[in-house]
Structure formats: C-alpha cells, structure tokens
Amino acid sequence: MQPLTLYIAISLNGKIAKSDGSVAWLENIPNPDGLDYGYASFYESVGTTIQGRKSYDQIMSWDIDFPYTGKKNYVFTQNEALKDTEHVTFISSDHVNFVKQLKTEKGAGIWLIGGGQLNTLFLKERLIDELRVFVMPIAIEDGIELFPNLPKEVALTLKTSKMYPTGVVEMRYGLG
C-alpha cells in the first residue's frame, strides 16, 4: 500500500497561498543556510504526485521546467476537456475512488501537493496517512486556507515536531 502524505508549507495564520494562488511569500522567509527542510529526502520517497488544477496552473505559470519529472503526476480537475500532457494525467471524475485504488497499488509514496480543496476532500475521506506541515514565521493577508470549508472536525495525532533555526516549525501528524 502506498501512503499518501500531505507535505506543505503554511503561514502562521494557516494560509497555503495568497488569494490569487501565489506562494511568492515563501521567498520572504530568511534561509541563509539554504535548508531544504527535508524536501530532497521526501521527494525521493515518493513516486506519485497529486495536485489540484489551480495548484498545477500556478506551478506552470512560474516559467520553469515541469518540476516533478520522473514521477507519475495526476492533476485533479472538474474539466473533462483537458488533454493529458507529457508530464501529467488529468483526472476529471471520481477523485476519491481514484485515490483509494492508487493507494492499493505497489509503489513508492504519494505526495498530495495541494491545494486547499483537495486537502479538505482527502482529509474528510480519511485518505491522508501523514500530514507534514511546515509553519512559516510569517502571517499573510487574504489567502487560501490549508483546509477550506472542512465540514467536520478531524482528530489528528502529533507524531513529531522540529524547530529549525530559521523559525520554521515542522509538525508531522497522523489521523487520530
């Protein structure tokens, strides 16, 4: 079984992006030693990425090469007209059952990149095995919440926490 991990940075006030989807505020976090907060190791541990259409569009707007080559990449959308690309497969229906099936297949872990709507859906459906949340020492205005419109409480269990010299705090949670 492949574990599904939400590995994500949030502002101190719980935002994953500004209202327009921008994450440029992350560049304002001083990091003089160039810490990657375990990203390289985590990235090597996954074979699949899942992200929402808005997150995908934001990444594609950065004018960089597609950053997740060598992985299976799924973009979840409601738009049935989107055509798969060299790097991504668009999934336009039955997202929950798709993930349930994907988790049963052999392979490395699955990275839930975001965004907020998928985070909420998969948490509500209890499909997330681990949450690795990096709280950044910044508060931003008007943004996208980590779990927007969560319909009910979901108990989590803190597995570990770590503070970095940059003021970033990493917390790892499992579902309670």
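Residue-wise, which Karplus ³J(HN,Hα) couplings in Hz belong to the range 3-11, taking 6.51 cos²θ - 1.76 cosθ + 1.60, θ = phi - 60°, and x for glycine or proline?
x, 9, 10, 8, 10, 7, 9, 9, 6
Less than 13 Å Cβ to Cβ from GLU170, Lys/Arg counted +1 and Asp/Glu -1: what total charge do the surrounding residues give?
Net local charge, GLU170 excluded: +2.
Taking amide H atoms as placed 1.01 Å from N in the peptide plane, list the residues 5 or more away in sequence, or in a different chain, whose amide H sits under 5 Å from that of GLN2.
It is THR104, GLU105, by chain and number.
With +1 on each Lys and Arg Cβ and -1 on each Asp and Glu Cβ, and nothing else charged, work out how big the dipole of the chain is about its Cα centre, in Debye to the nearest 20.
Rounded to the nearest 20 debye, it is 640 debye.
How much length is gained if the chain between LEU156 and ASN31 is pulled fully straight, taking 0.36 nm per residue apart and subtracting their Cα-Cα distance, in nm to one decimal?
42.1 nm
Would you calculate a helix-derived [θ] at 222 nm for the chain, using -39,500 (n - 2.57) for each DSSP H run of n ≥ 4 and dividing by the full residue count, to the nearest 500?
-5500 deg cm²/dmol
Cut-off under 29 Å on the C-alpha distance; same-chain residues fewer than 8 positions from LYS100 excluded. Which lysines are left, in chain and number order?
Excluding near neighbours in sequence, the set is LYS15, LYS54, LYS71, LYS72, LYS83, LYS124, LYS152, LYS159.
Taking H placed 1.01 Å from N in the peptide plane, check which residues at least 5 places from GLY115 or on another chain put their amide H under 5 Å from its amide H.
GLY52, SER55
Quick one: compute a quarter of the convex hull surface over the Cα atoms of the range 66-132 and quote it in nm².
If you wrap the Cα atoms of the range 66-132 in a convex hull and average its projections, you get 5.1 nm².
Along the Cα→Cβ direction, 7 angstrom out, place labels at GLU130 and MET171. What is the inter-label distance in nm?
1.7 nm
Can you pull the one-decimal nm distance between simple spin-label points at ASN149 and ASP57, each 7 Å off the Cα toward Cβ?
In this crude spin-label approximation the distance works out to 1.6 nm.
Kindly write out, for the range 35-45 in residue order, the coupling ³J(HN,Hα) from the Karplus curve 6.51 cos²θ - 1.76 cosθ + 1.60 (θ = phi - 60°), rounded to whole Hz, with x marking Gly and Pro.
4, 9, 6, x, 4, 4, 5, 4, 4, 5, 7
Go through the range 125-137 residue by residue and turn each phi into a ³J(HN,Hα) via Karplus (6.51, -1.76, 1.60, θ = phi - 60°); whole Hz please, and just put x for glycine and proline.
Whole-Hz 3J(HN,Hα) from phi for the range 125-137: 7, 6, 9, 8, 8, 9, 10, 10, 10, 10, 7, 8, x.
Quick one: check the C-alpha center-to-center distance for the range 19-71 versus the range 94-131, whole angstrom.
Each part reduced to its Cα centre gives a spacing of 18 Å.
Name the long-range amide H neighbours of LYS72: under 5 Å, sequence gap of 5 or more, or other chain; modelled H, no Pro or chain starts.
Here THR48, THR49 satisfy the definition.
Just so you know, all these numbers are worked out from the coordinates, no wet-lab data involved. What you see is a predicted model, and the numbers here were worked out from it, not measured in a lab. As a convention, Cβ positions derive from the backbone with ideal geometry for all residues, glycine included, and neighbour counts pool all protein chains shown.
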